[in-house]
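The block underneath contains the structure these notes are about, expressed in structure tokens.
The values are calculated or read from the model by the stated rules, or taken from the named source; none is laboratory data. It should be emphasised that the depicted structure is a prediction, and the values quoted were computed from it without experimental measurement. So basically every Cβ, Gly included, is an ideal-geometry build from the backbone, and we count neighbours across all protein chains shown. These accessible areas exclude ligands, DNA and RNA; they are computed on the full protein's heavy atoms, side chains included. Shrake-Rupley method; radii C 1.70, N 1.55, O 1.52, S 1.80 Å.
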Amino acid sequence: MPTSKKLAPKTPKKPATATTKSASSSLEGKKAPAFELFDADGKSVALKDLIGTSNLVLYFYPKDMTPGCTIEACSFRDNIGPIKKLGAKIVGVSGDSTDSHGKFIAKHDLNFPLLADPGNKVCKLYGVYKMKSLYGREFMGIERTTFVIDKAGVVRKVFPKVKVNGHTEEVIEALKALA
């Protein structure tokens, strides 16, 4: 007796919370989404407080204390002089808690703020909270992405799917283009 294949019901390709691959890149040339988050000291920090007098390097990363995130943070730490000279501030964002950020900053002597986004609301606003895959397992998480935002609050450059080696130099070049 021939077997007939049943067609599976149509399902969405991605969960409703996932964003498209180009969501973060589509912000380029547009006003950066406003936000307000807490830093490692529990102080509220808003986008409007970070721009106006300087440009902003806003980078999103998956997790405190992990190898790639540590390399990226330490590279920004070690290159803060040239970045400040180009009129910019650096701020990191992840889903970690303020306590976790405090430990990360202390352990690696970071010289810029890290903002806590435990509900990933800001990560979703910026299109960096996406479906990821590791060892065949799919899950939602933060895709390492950097935004260069000018003094007026306009996203001038987006670096999606950042590879940490050489990334700080790319950011410095983007800041030079703003000068």
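Structural remarks
- For the residues Gly153, Gly136, Gly166, the requirement of being closer than 28 Å to Ser44 by Cβ and either among the small types (Gly, Ala, Ser) or at pLDDT below 95 (or both) singles out Gly153.
- Ser75 polar (S, T, N, Q) and either open to solvent by 20 Å² or more (accessible area, probe 1.4 Å) or touching a Cys at 6+ places or on another chain (Cβ under 6 Å) (or both): yes
- Taken together, the residues in the stretch 43-72 that are open to solvent by 50 Å² or more (accessible area, probe 1.4 Å) and either among the aliphatic types (A, V, I, L, M) or without any contact (Cβ under 8 Å) to a residue 24 or more places away in the chain (or both) amount to 5.
- Where helices (runs of 4 or more DSSP H) fall entirely within the stretch 46-131, those with at least 3 residues that are over 18 Å from Thr146 (Cβ atoms) are at 98-108.
- Looking only at the stretch 132-168, and only at residues there that are in a strand (DSSP E or B) and aromatic (Phe, Trp, Tyr), the one that is most open to solvent (accessible area, probe 1.4 Å): Phe139
- Residue count for the stretch 78-112, restricted to those that are open to solvent by 10 Å² or more (accessible area, probe 1.4 Å) and either over 22 Å from Glu169 (Cβ atoms) or among the β-branched types (Val, Ile, Thr) (or both): 12
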